[in-house]
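First up is the structure itself, then whatever we jot down about it.
The values are calculated or read from the model by the stated rules, or taken from the named source; none is laboratory data. Quick caveat, the model's predicted, so the values are computed rather than measured. Ideal geometry is used to build each Cβ from the backbone, glycine not excepted, and the neighbour counts take in all protein chains shown.
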Amino acid sequence: MGGAGTSFSHVGTFAHDLVPIEDFYTRVLEFAVTDRGEYPERTIIFLSRGPDAHHETVLVSGRPVELGF
């Protein structure tokens, strides 16, 4: 890979509890929250590691605790 490092590009995570996931992405993976919004029964958090990208990954609330599969 030539030392290019790891990059993300528009990865989404559908989560039950955003608090620990946001903490992991910001503290451990060093992403910055670039935007967030509230939708009916959903919270969406945009994160990026680069100043030129509005978001490289997005976290969305509302995943059921039990998925049933």
- prompt: Across the stretch 1-24, what is the total count of residues that are β-branched (V, I, T), at pLDDT 90 or above and surrounded by 10 or more Cβ atoms within 10 Å (Cβ to Cβ)?
  reply: 1
Pairs where the first residue, in the stretch 51-69, is surrounded by fewer than 10 Cβ atoms within 10 Å (Cβ to Cβ) and the second is in a loop (DSSP other than H, G, I, E, B), C-beta under 6 Å, 6+ apart: V65/H16
task: Specify the residue that is surrounded by the fewest Cβ atoms within 10 Å (Cβ to Cβ); the eligible residues are those in the stretch 25-50 that are of a type in the set (S, T, Y) and either touching an Asp or Glu at 6+ places or on another chain (Cβ under 6 Å) or in a strand (DSSP E or B) (or both).
output: Y39
